[in-house]
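Colleague: A single structure is presented below for examination.
The values are calculated or read from the model by the stated rules, or taken from the named source; none is laboratory data. It should be emphasised that the depicted structure is a prediction, and the values quoted were computed from it without experimental measurement. Note that each Cβ is placed from the backbone with ideal geometry, even for glycine, and that neighbours are counted across all protein chains shown. All accessible areas refer to the heavy atoms of the entire protein, side chains included, with ligands and DNA or RNA removed. Shrake-Rupley method; radii C 1.70, N 1.55, O 1.52, S 1.80 Å.
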Amino acid sequence: MRRKDREQNREFALKVVDECEYVALATINEDGSPYCMPMTIVRENDSIYFHAAKEGKKLENIRRNPAVSLACVSKNCTIEKEFTVAYESAIVEGTAAEVVSPDEKARILYLLCVRHSPSALENAKAAIEKELANLSVIEIKIKGISGKANIKD
């Protein structure tokens, strides 16, 4: 990391992962070029999860090459007069794989609901049961994580 004065510890980086609204997930296309897309996630221990359609470019890329990276930003604010941005961010490197157990998929989907739709949990289990067969759940095992911040008062 070039700006060592902004480097943060692992616990800080995990907090950013837990607080960010969405992440940018980078995978590798068949020709070796990058492919990046926004998505919502949930973390449990040293794994990060997201859901996706059963087929699509990101799943094709993950099946071919499971190396992925996530860019997470939990806070950012442009400070125009200083020509800078105050932010908290984390970069995750990991290995992605599909969760195959229907029970584990349902459990992770419920965790995603708890994180992103906490006011609608009374309907979550029915929605999960209805869509479970149509969805993939992907687990990213964290291999490396770094945190960075430019915090302004």
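Colleague: Beyond 19 Å, what share of the Cα-Cα pairs of segment 8-64 is found? Please give it as a whole percent.
Modeller: 38 percent
Colleague: If you roll a 1.4 Å probe over the heavy atoms of the protein chains, what accessible area per residue do you get for the chain, in Å²?
Modeller: Ligands and nucleic acids excluded, the figure is 60 Å² per residue.
Colleague: For the chain, what number results from the quotient of the Cα radius of gyration and 2.2 N^0.38 Å?
Modeller: 1.12
Colleague: Would you work out the relative contact order for the chain, in percent, from Cα pairs under 8 angstrom that are 6 or more residues apart?
Modeller: Relative contact order here is 32 percent.
Colleague: What number comes out for the charge environment of GLU44, summing +1 per Lys or Arg and -1 per Asp or Glu over other residues with Cβ under 14 Å away?
Modeller: Neighbour charge sum, excluding GLU44 itself: +1.
Colleague: Could you work out what % of the accessible surface of the chain is carbon and sulfur, using a 1.4 angstrom probe and leaving DNA, RNA and ligands out of the count?
Modeller: Answer for the chain: carbon and sulfur cover 51 percent of the accessible area.
Colleague: Let me ask something additional. How much length would be gained if the chain were fully extended between LYS75 and ASN123, taking 0.36 nm per residue of separation minus their Cα-Cα distance, in nm to one decimal?
Modeller: Separation in residues times 0.36 nm, less the Cα-Cα distance, equals 14.3 nm.
Colleague: Take the Cα gyration tensor of segment 33-89, multiply each eigenvalue by 5, square-root it, and list the three semi-axes largest first, rounded to whole angstrom.
Modeller: Square roots of five times the eigenvalues give 30, 15, 10 Å.
Colleague: Restricting attention to the chain, give the cysteines that have no other cysteine Cβ less than 4.7 angstrom from their Cβ.
Modeller: CYS36, CYS77, CYS113
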